[in-house]
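Student: Handing you this structure, nothing more for now.
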Amino acid sequence: MKSKNKNLFLKIYILFLIITIITLIVLQILGSKNRVGYLTDFKLNVAKTLELNNLENINNDLDEEGLKNFILNNENITNYIYHFRIRYYDKVFRNSDIYGVYPDLSNLPDYMENTEMDGDGIPYGNFISDKKDIEEKIDNINYVLKVKSSLKLDVKFIIGILIIILILPVTNKILNSLLLKLFPFFKNIIYKLNNKIYIDNYKDCN
């Protein structure tokens, strides 16, 4: 009976593995297609602009709006750092829990320099410009999507757990022996934690 159950579980596991791999491949292929979005939500990055112009030690009594006015009205400041994000026309294929977004930043307007994203697959970025006024959006930005590494790791973790479950009958005695040896150790830690909590509560009450 156990042998039949194990064989059934093995078949289910193999089927799950095949479906998972195929799903990841399909998602990767669908995401790799070039799609069009646009850059928007432009905002002056006050801290980085001050740092770029060696003015990070400016009067700290000013709030962010005051610092922004100081930057835009200062003739000695000629370069500004702006923060932006990419948005999408496609309602399905966009940055999500599954996909990271990778925009093509090679065909941007001349006034956008050193444009870079904040991280791998992240929809936010920064650029340097000598312009004080930026358009509401910059259109025709090509992008591709890639399956997030975190999702791939989650799948690998699940597969690993299933493999352990499969070989568990073989390693059951080893695991039991290990747990018996570790039990006093964990018991001692829990005792110390409880004792510390009791002492801390007693001090608070007094």
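Every number here is computed from the coordinates shown, using simple stated rules; none is lab data. These numbers were taken from a predicted model, which means no experiment stands behind them. No Cβ is skipped: glycine too gets one built from the backbone with ideal geometry, and neighbour counts run over all protein chains shown.
Student: Under the 0.36 nm per residue contour assumption, what length would be gained going from the current alpha-carbon distance of residue 70 and residue 122 to full extension?
Tutor: Net length gain for the segment: 15.7 nm.
Student: Over 24 Å between C-alpha atoms is what I'm after, so list which of 48/132; 68/137; 48/152 land there.
Tutor: As for pairs spanning more than 24 Å Cα to Cα, those are 48/152.
Student: Hey, another quick one. What ranking of 86, 22 emerges when the number of other C-beta atoms within 10 Å of each C-beta is taken as an exposure proxy, fewest first?
Tutor: Lowest count first: 22, 86.
Student: For the stretch 25-102, which chymotrypsin sites (Phe, Trp or Tyr not before Pro) are both in a DSSP coil and crowded by at most 12 other Cβ atoms within 10 Å?
Tutor: Within the stretch 25-102, the qualifying chymotrypsin sites (Phe, Trp or Tyr not before Pro) (loop, at most 12 other Cβ atoms within 10 Å) are 89.
Student: Let me ask something additional. Given Cα pairs under 8 Å that are at least 6 residues apart, what percent is the relative contact order of the stretch 34-147?
Tutor: Relative contact order of the stretch 34-147: 39 percent.
Student: Return, ordered by residue number, the residues of the stretch 110-148 whose backbone nitrogen is under 18 Å from a label point located 7 Å along Cα→Cβ of residue 156.
Tutor: 120-121, 146-148
Student: Further, regarding this structure: Would the stretch 34-147 count as rounded, prolate or oblate if I go by the C-alpha gyration tensor, calling it rounded below 1.5 in a/c and otherwise prolate when a/b exceeds b/c, oblate otherwise?
Tutor: Note, shape of the stretch 34-147 comes out prolate.
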